[in-house]
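S.K.: The structure follows.
The values are calculated or read from the model by the stated rules, or taken from the named source; none is laboratory data. This structure is a prediction, so every number in the text was calculated from the model and none was measured. Positions of Cβ are generated from backbone atoms using ideal geometry, with glycine treated the same way; all protein chains shown enter the neighbour counts. Side chains included, ligands, DNA and RNA excluded: accessible areas come from the protein's heavy atoms. Shrake-Rupley method; radii C 1.70, N 1.55, O 1.52, S 1.80 Å.
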Amino acid sequence: VGDGIQQEELKDFCQKHGLSDRIHWAGRVSYDQIGSYFKGADVFVFPTLEDTWGVVTLEAMLMGKPILCSKGAGTSELVIHGENGYVFSPDNVDELADLMQRFLDNPALIEAMGARSQEIMAKYTPEAAAECLAKVIELVMG
């Protein structure tokens with residue numbers, strides 16, 4: 001889902017390596033359709049080299065997905081390695097491939113880690129945000 005400057009390069013790579021029948025290039029989709037793509041996924045993989053926050057990771061966690069997130073994403077802080085997914089070095093493709101293989105070898109991890117993702121996100125409510133803001137104001141105001 002999505003597009004970018006490397007899309008044609010990635011399509012060429014897939015064609016050359018016989019992967020085209022395994023990939024569907026959805027392109028940019030409207031925000032109200034994103035949920036259906038999350039539902040259809042088993043694992044969310046975020047191999048970014050750098051991303052300050054990466055809200056898409058939070059959305060995947062809310063949808064109960066285990067996360068494979070690079071250390072280059074700010075949201076890697078919400079991935080508890082081995083509990084709701086794995087964090088990897090974005091420049092280490094072998095590490096990412098090994099972590100992806102763990103899910104293939106042990107599909108039960110998908111459900112367990114996905115449930116843990118939802119548990120982690122459950123504490124981030126509007127009420128919790130308001131409480132935190134009130135504490136900050138109290139601290140600043142003395």
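S.K.: Among (1) assigned to a loop (DSSP other than H, G, I, E, B); (2) surrounded by 10 or more Cβ atoms within 10 Å (Cβ to Cβ), where does GLN15 come up short?
M.R.: (1)
S.K.: Just need a number here: residues in segment 32-53 that are exposed (fewer than 11 other Cβ atoms within 10 Å of the Cβ) and touching a residue at least 24 places away in the same chain (Cβ under 8 Å).
M.R.: 2
S.K.: Still on this structure, I have one more. Hey, could you check segment 1-12 for residues that are touching a residue at least 12 places away in the same chain (Cβ under 8 Å) and out of contact with any helix residue (DSSP H, G or I) (no Cβ under 7 Å at 6 or more places or on another chain) and say which is most open to solvent (accessible area, probe 1.4 Å)?
M.R.: Within segment 1-12, the first condition is being touching a residue at least 12 places away in the same chain (Cβ under 8 Å), and the residues that meet it are 1-3, 7, 11.
So of that shortlist, the ones also out of contact with any helix residue (DSSP H, G or I) (no Cβ under 7 Å at 6 or more places or on another chain) come out as 2-3, 7, 11.
On the way: GLY2: 28, ASP3: 90, GLN7: 37, LYS11: 67 Å².
Going through the qualifying residues, I end up with ASP3.
S.K.: I'd like to check something: does segment 68-78 contain any residue that is surrounded by 10 or more Cβ atoms within 10 Å (Cβ to Cβ), within 23 Å of GLY4 (Cβ to Cβ) and among the aliphatic types (A, V, I, L, M)?
M.R.: Yes, because at least one residue in segment 68-78 is surrounded by 10 or more Cβ atoms within 10 Å (Cβ to Cβ), within 23 Å of GLY4 (Cβ to Cβ) and among the aliphatic types (A, V, I, L, M).
S.K.: Search segment 54-71 for residues that are in contact (Cβ under 8 Å) with a residue 40 or more places away in the chain and pair each with any residue that is assigned to a loop (DSSP other than H, G, I, E, B) and buried (at least 24 other Cβ atoms within 10 Å of the Cβ) when their beta-carbon atoms are under 6 Å apart and the residues are at least 6 apart or on different chains.
M.R.: Final answer for the pair search is ILE67/VAL79.
S.K.: If you don't mind, there's one more thing I want to ask. Do we have any residue at all in segment 19-31 that's closer than 26 Å to ASP105 by Cα and open to solvent by less than 50 Å² (accessible area, probe 1.4 Å)?
M.R.: Taking every residue of segment 19-31 in turn, none turns out to be closer than 26 Å to ASP105 by Cα and open to solvent by less than 50 Å² (accessible area, probe 1.4 Å).
S.K.: Kindly indicate whether MET61 is buried (at least 18 other Cβ atoms within 10 Å of the Cβ), modelled with pLDDT of 95 or more and assigned to a helix (DSSP H, G or I).
M.R.: On the way: buried (at least 18 other Cβ atoms within 10 Å of the Cβ): yes; modelled with pLDDT of 95 or more: yes; assigned to a helix (DSSP H, G or I): yes.
Judged against the criteria, MET61 is a match.
S.K.: Name the single residue that is most open to solvent (accessible area, probe 1.4 Å) among those in segment 96-123 being touching a helix residue (DSSP H, G or I) at 6+ places or on another chain (Cβ under 8 Å) and not polar (S, T, N, Q).
M.R.: Residues of segment 96-123 touching a helix residue (DSSP H, G or I) at 6+ places or on another chain (Cβ under 8 Å): 102-103, 109-110, 117-118, 120-121.
Next, from what is left, pick out any that are not polar (S, T, N, Q): 102-103, 109-110, 120-121.
Details: ARG102: 110, PHE103: 12, LEU109: 41, ILE110: 39, ILE120: 10, MET121: 18 Å².
Taking the candidates together, the pick is ARG102.
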